[in-house]
Amino acid sequence: MTLHTTTSQTVGPYLHIGLAPRNCADLEFEGRTDQPDRITVEGQVIDGDGKPLTDGMIEIWQADAAGHYAHPHDVRSGLDESARSASGFGRVPTEHEGRFRFTTVKPGRVPAPDGSLQAPHLIVAFFARGLLKHLSTRLYFADEAVANAEDFVLRAVPEMRRDTLVASLEAPRSFRWTLTLQGAPERETVFFAI
């Protein structure tokens with residue numbers, strides 16, 4: 001039998017085979033669970049037909065509460081070396097009804113390329129069946145209106161679509177966000193070509 005390479009492969013639905021053991025829904029920063037800036041982000045992934053997507057995977061990457069990334073290239077002064085023990089990385093599958101949940105700390109503001117400060121945000125990657133390449137977006141927080149208005153990425157997004165990137169505040173330290181893959185342009189989540 002001769003095997004031929006295919007022109008492309010999707011990123012699912014086999015995600016659970018090699019990745020499930022590395023899922024991380026609770027990002028422990030510095031091993032502390034009593035941090036006052038600790039938050040929960042819950043949400044749902046909806047497909048183009050408005051149906052929940054139950055076999056996807058969401059990854060997040062974020063700064064710590066002081067706005068520092070646990071990465072060797074983040075060499076700004078003031079970085080607490082103990083903070084490097086927290087990865088700032090999380091991964092969860094979408095579950096029943098397309099739902100997902102992370103517990104983490106609210107990230108601090110990080111420098112933008114122009115020297116200003118970015119609003120607190122999570123960098124989000126989404127993987128699912130039918131996607132040839134993961135989707136990249138950001139999640140911002142509704143209670144950061146002033147910082148959001150100053151953020152260079154949000155300012156680049158058409159005003160009528162910015163709310164697709166902003167998680168609503170449901171309760172103290174609890175945010176809700178819907179990631180919509182397709183549909184009416186005003187509801188489809190903004191994704192970035194990176």
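The values are calculated or read from the model by the stated rules, or taken from the named source; none is laboratory data. A quick note: this is a predicted structure, and the numbers were derived from the prediction, not measured. No Cβ is skipped: glycine too gets one built from the backbone with ideal geometry, and neighbour counts run over all protein chains shown.
Scanning the stretch 107-119 for residues that are surrounded by fewer than 22 Cβ atoms within 10 Å (Cβ to Cβ) and part of a loop (DSSP other than H, G, I, E, B) gives Gly108, Arg109, Val110, Ala112, Pro113, Asp114, Gly115, Ser116. Whether any residue in the stretch 153-173 is within 14 Å of the chain's Cα centre (by Cα), under 18 Å from Gly56 (Cα atoms) and modelled with pLDDT of 95 or more is what I want to check. Looking for residues that are within 14 Å of the chain's Cα centre (by Cα), under 18 Å from Gly56 (Cα atoms) and modelled with pLDDT of 95 or more, one finds none in the stretch 153-173, hence no.
Taken over the stretch 119-132, the criterion of being under 15 Å from the mean Cα position of the chain (by Cα) and of a type outside the set (A, V, I, L, M, F, W, C) is satisfied by Pro120, His121.
Scanning the stretch 126-149 for residues that are surrounded by fewer than 16 Cβ atoms within 10 Å (Cβ to Cβ) and aliphatic (A, V, I, L, M) yields Leu131, Leu132, Ala142, Ala145, Val146, Ala149. State whether the residues of the stretch 74-97 include one that is at pLDDT 90 or above and surrounded by fewer than 14 Cβ atoms within 10 Å (Cβ to Cβ). Yes, the conditions are met somewhere in the stretch 74-97.
Would you confirm whether or not the stretch 128-140 contains a residue that is assigned to a helix (DSSP H, G or I) and either out of contact with any His (no Cβ under 8 Å at 6 or more places or on another chain) or in contact (Cβ under 8 Å) with a residue 24 or more places away in the chain (or both)?
Checked the stretch 128-140: no residue is assigned to a helix (DSSP H, G or I) and either out of contact with any His (no Cβ under 8 Å at 6 or more places or on another chain) or in contact (Cβ under 8 Å) with a residue 24 or more places away in the chain (or both).
Among the residues of the stretch 175-189, those that are surrounded by 14 or more Cβ atoms within 10 Å (Cβ to Cβ) and either farther than 23 Å from Thr104 by Cα or polar (S, T, N, Q) (or both) comprise Thr178, Thr180, Leu181, Gly183, Arg187, Glu188, Thr189.
Results for (1) part of a helix (DSSP H, G or I); (2) out of contact with any helix residue (DSSP H, G or I) (no Cβ under 8 Å at 6 or more places or on another chain); (3) free of Cβ contacts under 8 Å to residues at least 40 places away in the same chain; (4) under 18 Å from Gly43 (Cα atoms), shown as yes or no for each residue.
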{"position": "Leu154", "(1), (2), (3), (4)": "yes, no, yes, no"}
{"position": "Met160", "(1), (2), (3), (4)": "yes, yes, yes, no"}
{"position": "Leu169", "(1), (2), (3), (4)": "no, yes, yes, yes"}
{"position": "Arg176", "(1), (2), (3), (4)": "no, yes, no, yes"}
{"position": "Leu179", "(1), (2), (3), (4)": "no, yes, no, yes"}
{"position": "Gln182", "(1), (2), (3), (4)": "no, yes, no, yes"}
{"position": "Thr189", "(1), (2), (3), (4)": "no, no, no, yes"}
{"position": "Ile194", "(1), (2), (3), (4)": "no, yes, no, no"}
